[in-house]
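So the structure is just underneath, and the comments pick up after that.
Throughout, read-outs are computed from the coordinates displayed, never taken from laboratory work. Given the structure is predicted, the values throughout are model-derived calculations rather than measurements. As a convention, Cβ positions derive from the backbone with ideal geometry for all residues, glycine included, and neighbour counts pool all protein chains shown.
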Amino acid sequence: MPTGSKSKGFTMIELAIVMLVVAILAAIAYPSYQDSILKSRRADAKELLLRTAQAQERHFTQFAQYAPNLGVAPNPALAPQFLGLAPQNLISDGGFYNITVVAAGAIFTLSANDTLGGDAFCGNFTLTQTGARNTSVPANALACW
């Protein structure tokens with residue numbers, strides 16, 4: 001019968017190697033996760049801009065002008081569900097972008113403003129009645145839209 005017994009468990013070196021591998025994987029995965037979050041927020045902003053532009057086009061069809069304020073109808077009797085958008089609906093799902101409307105007659109510009117300032121690559125998004133799309137970082141506009 002052997003007199004010495006082997007202890008079961010992990011050595012400090014084995015634990016250190018496992019922790020190092022986990023740290024390396026986390027360092028690689030975290031930036032990808034952050035990028036996915038930003039892309040998701042941008043998609044919400046663009047969807048809200050396009051939905052608001054559609055509402056503006058419906059308003060233009062009815063009243064021959066774009067709506068300067070999406071929350072108040074020019075004639076409540078004619079448009080009780082004005083554009084289908086209430087002012088609180090002009091904020092993206094996560095609250096990371098809000099929509100600003102500048103409209104006069106047959107011209108409008110919609111802006112999705114980054115409320116946290118966390119998107120340095122794209123920044124704010126803009127959309128006009130002609131369908132022109134831009135960002136506050138014009139060099140990245142094609143990549144962002």
- Query: Arranged from highest to lowest average of other beta-carbon atoms within 10 Å per residue, in what order do the peptides 95-103, 137-145, 6-14 appear?
  - Reply: 95-103, 137-145, 6-14
- ³J(HN,Hα) computed for each position of segment 46-60 - Karplus, 6.51 cos²θ - 1.76 cosθ + 1.60, integer Hz, glycine/proline x: 5, 4, 5, 4, 5, 5, 5, 5, 5, 5, 5, 5, 4, 5, 4
- Query: Which of the peptides 50-56, 25-31 is most tightly packed, and how do the rest follow, judged by the mean count of other Cβ atoms within 10 Å per residue?
  - Reply: 50-56, 25-31
- Task: Would you mind working out the magnitude of the charge dipole of segment 29-73 relative to its Cα centre, with +1 at each Lys and Arg C-beta and -1 at each Asp and Glu C-beta, to the nearest 20 Debye?
- Result: 40
- Once the other residues with Cβ under 14 Å from the Cβ of residue 97 are scored (Lys, Arg +1; Asp, Glu -1), what is the net sum? 0
